[in-house]
1. Among the residues of segment 33-50, how many are out of contact with any Leu (no Cβ under 8 Å at 6 or more places or on another chain), assigned to a loop (DSSP other than H, G, I, E, B) and either among the hydrophobic types (A, V, I, L, M, F, W, C) or within 13 Å of Leu22 (Cβ to Cβ) (or both)?
2. If you take the residues in segment 1-20 that are open to solvent by 30 Å² or more (accessible area, probe 1.4 Å) and among the aliphatic types (A, V, I, L, M), which one is farthest from Ser61 (Cα to Cα)?
3. Scanning segment 49-60 for residues that are in contact with a strand residue (DSSP E or B) (Cβ under 7 Å, 6 or more places away or on another chain) and open to solvent by less than 70 Å² (accessible area, probe 1.4 Å), which turns out farthest from Gly93 (Cα to Cα)?
4. Condition first: loosely packed, with under 15 Cβ neighbours inside 10 Å and assigned to a loop (DSSP other than H, G, I, E, B). Now tell me which residues in segment 21-31 satisfy that.
5. Could you please find all residues in segment 6-29 being small (Gly, Ala, Ser) and more than 24 Å from Ala90 (Cα to Cα)?
6. Do you know which residues across segment 88-123 are surrounded by 12 or more Cβ atoms within 10 Å (Cβ to Cβ), farther than 22 Å from Glu41 by Cα and among the polar types (S, T, N, Q)?
7. Of everything in segment 65-81, what is closer than 26 Å to Gln12 by Cβ and either part of a strand (DSSP E or B) or touching a helix residue (DSSP H, G or I) at 6+ places or on another chain (Cβ under 7 Å) (or both)? Give them in sequence order.
8. Is it fair to say Leu71 is over 16 Å from the mean Cα position of the chain (by Cα) and among the hydrophobic types (A, V, I, L, M, F, W, C)?
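The values are calculated or read from the model by the stated rules, or taken from the named source; none is laboratory data. Fair warning: this is a prediction, and the values are worked out from it, not measured in the lab. So basically every Cβ, Gly included, is an ideal-geometry build from the backbone, and we count neighbours across all protein chains shown. All accessible areas refer to the heavy atoms of the entire protein, side chains included, with ligands and DNA or RNA removed. Shrake-Rupley method; radii C 1.70, N 1.55, O 1.52, S 1.80 Å.
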Amino acid sequence: ETVIAAGTIRSQTIIGPSDLALIDEITPGAISRLEDAIGLEARVNLYPGRPIAMGDLAQPSVINRNEVITLQFERAGLTILTEGRALERAATGDRMRVMNLASRLTVTGTVLGPGLVSVSQLP
């Protein structure tokens, strides 16, 4: 079986069960189980009847571009929190660029969850 889009699915849309259908055909590189796609986010527009590959999907973003987020820096028991502006979209665990609103410097950090990015000094 192959998972296909039941209708047009726009990029950045979270995939639900009603968005998908199964066809009785094997397509190399395509997803074969509905469970592998449900809950993920479309990276590109998906069109009705076309097979869906894992590369077309990603973990849902928890931070959107231009969102004001919290930057967290921890070292030796000291935690510093400040505001930053997200320069791209990202999911939990992704590395992303953020502009520190206090210093206007661009830093790179790891997304810990919605609105929270951890930055650390390189050794």
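1. The initial filter retains those residues of segment 33-50 that are out of contact with any Leu (no Cβ under 8 Å at 6 or more places or on another chain), namely 33, 35-36, 39, 44-50.
Filter again for assigned to a loop (DSSP other than H, G, I, E, B), leaving 33, 39, 44-45, 47, 49-50.
Subsequent filtering for residues that are either among the hydrophobic types (A, V, I, L, M, F, W, C) or within 13 Å of Leu22 (Cβ to Cβ) (or both) retains 33, 44, 49.
Residues flagged as out of contact with any Leu (no Cβ under 8 Å at 6 or more places or on another chain), assigned to a loop (DSSP other than H, G, I, E, B) and either among the hydrophobic types (A, V, I, L, M, F, W, C) or within 13 Å of Leu22 (Cβ to Cβ) (or both) within segment 33-50 amount to 3.
2. Of segment 1-20, the ones open to solvent by 30 Å² or more (accessible area, probe 1.4 Å) are 1, 6, 8, 10-14, 17-19.
Adding the requirement that they be among the aliphatic types (A, V, I, L, M) leaves 6, 14.
Details: Ala6: 23, Ile14: 9 Å.
Only one residue fits best here, namely Ala6.
3. Gly49
4. Scanning segment 21-31 gives Asp24, Glu25, Ile26, Pro28, Gly29.
5. So the first thing to find is which residues in segment 6-29 are small (Gly, Ala, Ser), and the list is 6-7, 11, 16, 18, 21, 29.
The answer is Ala6, Gly7, Ser18, Ala21, Gly29.
6. Scanning segment 88-123 gives Asn100, Thr106, Thr108, Ser118, Ser120.
7. The initial filter retains those residues of segment 65-81 that are closer than 26 Å to Gln12 by Cβ, namely 65-72.
Selection gives Val68, Ile69, Thr70, Leu71, Gln72.
8. Numbers: over 16 Å from the mean Cα position of the chain (by Cα): yes; among the hydrophobic types (A, V, I, L, M, F, W, C): yes.
Yes, satisfied.
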